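Below is one structure, written out as structure tokens; the observations come after it.
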Amino acid sequence: MPISHKLSSGDQIEIITSNKQTPSEDWLKFVVTAKAKNKVKEALKEEKKKVADEGKYTLQRKFEGMGVTMYQGNIETIAQFYKLQSNLELFYQIAIKNIDLRELRDFKVHGDRLEAPQPVRITEIKHETPHATPAHNPKDAELIIFGESSDKIMYNLANCCKPIPGDDVFGFVTTGKGLTIHRTNCPNAAKLMANYGHRIVKTKWAKNKEISFLTGVRIIGIDDVGMVSKITNLISGDLKINIAALTIEATEGVFEGNIKVFVHDKEELDVLVNRLLEVGGIESVERFDTEDLPK
């Protein structure tokens, strides 16, 4: 059974351990005692520090290339620019690539000191497309419907959150690349909206069933004979959804599967998730939210 399984009085259990297993933030959703929660938090903080060390080294190399010193004042300047509360959080966000250090080219260098760029204020942005809502309302002028006439609107889909039609999204204006489309719950959304609000464009999808989008789902369940066949028959046979890649690994009676599929929109993905949850033995199905889909 997965570690989240709720025990009943009288259950007899064997705890299976692994050197490769580390706590995750999901554990905080089901551990009960304060002691357990504190232990998980301590382990997560230690793991975060290890990852953050890589980010610190990356930032140090960036500083060396810019000819500035890796001292507390410069680190705080960058942390404040990204609205982060600590050096640890800054290094961690750099390490997991939520922060693009190429943005430091906009900083001014005074001797060995960095000065953050001042935000550019734009009073009004108008976007005219064949599918834009009539601009009798100033807010409507910022609304772009995309996905139906991609040849008329230059955009690309963010790798960090892999949006598909039906997701709540927004457009981020990038130099030379048009719009980059992010999901509103993207890990980078808060930073972009806080620091680059003037480059945010209201965006929503137009209906189009001709284009497929690559996304991924992770499945966890009880390992059983024929489980792979059940999953593939449901996806390819019943739902007629194309599978791009599928990997399943089983350990001690529990399997974890990662599947890349092509769907037309979020509605189709939701149907897939719900149907998979109906398969006997499958405990959880969740969508990938990051760019590191298994290769």
*Right, residue 109: over 26 Å from residue 160 (Cβ atoms) and modelled with pLDDT of 85 or more or not?*
no
*asked:* Testing residue 3 on (1) exposed (fewer than 10 other Cβ atoms within 10 Å of the Cβ); (2) at pLDDT below 85; (3) under 18 Å from residue 250 (Cβ atoms), one condition comes back false. Which one is that?
replied: (1)
*In segment 63-74, how many residues are touching a Lys or Arg at 6+ places or on another chain (Cβ under 9 Å) and in a helix (DSSP H, G or I)?*
3
*Among the residues of segment 20-42, how many are over 17 Å from residue 254 (Cβ atoms) and exposed (fewer than 10 other Cβ atoms within 10 Å of the Cβ)?*
6
*List, please: which pairs have Cβ atoms under 9 Å, are six or more places apart or on different chains, and start with a residue in segment 203-223 that is within 9 Å of residue 165 (Cβ to Cβ) and end with one that is part of a strand (DSSP E or B) and modelled with pLDDT of 75 or more?*
205/169; 213/157; 213/262; 213/263
*Output the residues belonging to segment 22-62 that are among the aliphatic types (A, V, I, L, M) and assigned to a helix (DSSP H, G or I).*
28, 34, 36, 40, 43, 44, 51, 52, 59
*Within segment 131-154, identify whether any single residue is open to solvent by less than 30 Å² (accessible area, probe 1.4 Å), touching a strand residue (DSSP E or B) at 6+ places or on another chain (Cβ under 9 Å), at pLDDT 80 or above and on the phi < 0 side of the Ramachandran plot, and answer yes or no.*
no
_Members of segment 212-250 found to be charged (D, E, K, R) and either within 22 Å of residue 1 (Cβ to Cβ) or assigned to a strand (DSSP E or B) (or both), listed by number_ = 218, 223, 224, 230, 249
*Filter result for the condition that a residue is touching a Ser or Thr at 6+ places or on another chain (Cβ under 8 Å) and of a type in the set (D, E, K, R), over 112, 53*: 112
*Could you tell me which residue of segment 248-295 is least open to solvent (accessible area, probe 1.4 Å), considering only residues that are hydroxyl-bearing (Ser, Thr, Tyr) and modelled with pLDDT under 90?*
290
*Inspect all residues belonging to segment 7-19 and state whether any of them is at pLDDT below 85, exposed (fewer than 11 other Cβ atoms within 10 Å of the Cβ) and in a helix (DSSP H, G or I).*
no
_Count - residues of segment 43-90 that are open to solvent by 20 Å² or more (accessible area, probe 1.4 Å) and either in contact with a helix residue (DSSP H, G or I) (Cβ under 6 Å, 6 or more places away or on another chain) or among the hydroxyl-bearing types (Ser, Thr, Tyr) (or both)_ = 16
*Can you tell me how many residues in segment 73-95 are closer than 13 Å to residue 57 by Cα and not hydroxyl-bearing (Ser, Thr, Tyr)?*
8
*Of all residues making up segment 184-211, the number that are part of a strand (DSSP E or B) and under 30 Å from residue 281 (Cβ atoms)*: 0
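The values are calculated or read from the model by the stated rules, or taken from the named source; none is laboratory data. Owing to the predicted nature of the structure, the values given are computational and were not obtained by experimental measurement. With ideal geometry, Cβ positions are generated from the backbone for all residues, glycine too; neighbour counts draw on all protein chains shown. Just so you know, the surface numbers come from the protein's heavy atoms only, side chains and all, with ligands and any DNA or RNA stripped out. Shrake-Rupley method; radii C 1.70, N 1.55, O 1.52, S 1.80 Å.
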